[in-house]
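What follows is a single structure, written as structure tokens, with notes after it.
The values are calculated or read from the model by the stated rules, or taken from the named source; none is laboratory data. Everything numeric here is computed off the predicted structure, so don't read it as measured data. Here Cβ is always computed from backbone atoms with ideal geometry, including for glycine, and neighbour counts include all displayed protein chains. Note: areas computed on protein heavy atoms with side chains; ligands, DNA, RNA excluded. Shrake-Rupley method; radii C 1.70, N 1.55, O 1.52, S 1.80 Å.
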Amino acid sequence: RVHGGAGDSSDIDDFSYVPDGTKDAVRYKYELRIRQMSSPEKVFEYFASTTNADGEPRMTPVDFMLAVLPVASRKGKRGKRLSAAAKELFAEFDTNGDGLISFGEYMYLATLLAIKEKDFVVAFRMFDTSGDGRIDVDEFVAVMRVMKDRTAAGQQSRDGRRSLRDKGKNDEFVEICRSSKLFATAGRGSDGQKSFTFTEFHDYMVNLRKTMLRLEFDYYDPRGVGTISAQSFALSIIGYARMKELDAYLERVRTMPPKLRAHRVTMEQFERFAKFLQHFDDVNIAIETYGAALGPLDVPMLRHAAFAVSGLVLDPETLAVMVHIFDADGNGSLDAEELSAVLERRAHNGIRRSNLPGSGFFSCCMECLK
């Protein structure tokens, strides 16, 4: 086995590794399939390792982390220590402070991660009915319910019911939204209700995404050395790949050339790559439009496209890792179609958006305003 950390002597080093051998690979692929294709209830119940006093499934902090990150885990060896980022994220979404995560709390995070910034700008303006530039609790609940129902995960959800005979917990999500820590330090609008501005929500969302990124980086850096291996970086990308391609990608991670494997990725490089992904739709358009004239989709071409569209300067070694993973025929250039599909999912944290008719965000807003 090749571990992502600097050693393999402690429990937490069992967090990060390249799946090797039949059993490890089968479990890794099964867990990715669970995250990508199952209902939220199944994801929650698979990773939840404990129950509350009523026998209902609950997640521990480590369960929660493994459920929201597309990483390789070992059943029965989930480590005992959490990074500061992991503890911060858990505390944020443990809204009732019981030390465990319920299904509703899990769905609250999934819904927030599904919201694109440009979507929330529209939503904020649509639901700011008082026109005072603030959103109160009722308006926030309305936005969140619509967003939850319009994600693919939300449409598959049974609102926490474990079977069709269960009554369900339709109100739990609403209550969690109402108790959001967004309102803990919120001011009051002209009507006297607690509310927050768009700037406050934007800052909250930016911090959430940074925390998620830090959480993932720390997962692959269990000893806190400040860098992760090239193989760990590759795993952070292929965790969003289509299942039929996964075996080939894993093999390329395992057989990464020594020179490439020796590369270490810093948190700054990891963050810069994530920012690049936020612009990937535009990068993809640029490549499709001008790529034929500029040559193969290789490291220099990707660096040029990233800078032209986003102004970001990506280091060639990190891009070389990505090229190695997606270079199906070994000619040094990428399979652009699969790269686009994987990086789009990676950019949006793997949260699938609905493709159903009438699921555009404007129609969501109009539905909620009825």
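Details
- Structure note, pairs Lys42/Lys148; Lys23/Lys210; Lys148/Lys181; Lys148/Lys210; Lys210/Lys259: Cα-Cα distances above 26 angstrom occur for Lys23/Lys210; Lys210/Lys259.
- Principal axis dimensions, region 178-260 - Cα atoms, whole angstrom, descending: 62, 33, 19
- Surface listing: His304, His279, His324 arranged by accessible area from highest to lowest gives His304, His279, His324, probe 1.4 Å.
- Solvent accessible area, Å² - Val225, 1.4 Å probe, full protein context: 80
- Spin-label pair Asp54-Lys87: with each label point 7 Å from Cα along the Cα-Cβ axis, the two points sit 3.0 nm from one another.
- Other residues with beta-carbon under 10 Å from the beta-carbon of Ser310 carry, at +1 per Lys or Arg and -1 per Asp or Glu, a net charge of +1.
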